[in-house]
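The values are calculated or read from the model by the stated rules, or taken from the named source; none is laboratory data. This structure is a prediction, so every number in the text was calculated from the model and none was measured. No Cβ is skipped: glycine too gets one built from the backbone with ideal geometry, and neighbour counts run over all protein chains shown.
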Amino acid sequence: MSKKNLRKKLLNLREEKFRFLNIKYSSIKSIIKKSNLQRINTIGAYYPINYEIDCLEILKKIEKIGYNICLPVTKKKFEMDFFKWSFNDPLKIGNMGVPEPHKNKKMYPDLLIVPLLAFDKFKYRLGYGGGYYDRYIKKINKIKKIITVGLSFSFQEVKKLPKNNYDKKLDFILTENNIK
């Protein structure tokens, strides 16, 4: 199946099921403990749209125990950077129609929570097709070692995704059922 057809199928399925499934904060805590990084201070995430897993409750708990949070701001040429954000801060609608923080303090997350439409057993993900996260992961890996975590529902797992040289493998996939 082509990436385009797979995207359409999984967007529809995710819309049907997303109200009934959820991911627990304790699973993120478990990944933080398992990670090989010396210290995790900053967690990058996304603002959920299009029936993506709502990670906002997880982020509230993460912020409450002292982690810095940052969200992406998209740029031209399918690139993005992450900027510090708090639940006390306003958001603005970015050029992709997604709520974004104001460009106050650019940050480089230690752990990056990534949305996805599908994933396979090799921990590759299928996104919306712009390559924003793959480009960002490539860029940040030149600066520092980070942990990448895809948030997904278990039904979004496919046998094998079509991939190209730009696709980046994630470190963990977190579903409502387990950590892969």
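Figure legend. Inter-residue proximity from the stretch 50-64: first residues closer than 18 Å to residue 175 by Cβ, second residues part of a helix (DSSP H, G or I) and β-branched (Val, Ile, Thr), beta-carbon distance below 9 Å, spacing 6+ or different chains. Indicated pairs: 55/28; 58/28. One residue stands out in the stretch 81-113 among those that are crowded, with 23+ Cβ neighbours inside 10 Å and among the hydrophobic types (A, V, I, L, M, F, W, C): the one that is farthest from residue 7 (Cα to Cα), namely 85. With respect to residue 37, determine if the residue is at negative phi, at pLDDT below 85, surrounded by 12 or more Cβ atoms within 10 Å (Cβ to Cβ) and not polar (S, T, N, Q). So residue 37 fits the description; yes. Here's a check for you: in the stretch 146-180, which residue that is charged (D, E, K, R) and in a loop (DSSP other than H, G, I, E, B) is modelled with the lowest pLDDT? So the residue we want is 176. Looking across 161, 174, one residue alone is in contact with a Phe, Trp or Tyr (Cβ under 9 Å, 6 or more places away or on another chain) and either surrounded by 13 or more Cβ atoms within 10 Å (Cβ to Cβ) or farther than 18 Å from residue 112 by Cα (or both). It is 161. Screening the candidates 145, 159 for the property of being without any contact (Cβ under 8 Å) to a residue 60 or more places away in the chain and out of contact with any Gly (no Cβ under 7 Å at 6 or more places or on another chain) yields one hit, 159.
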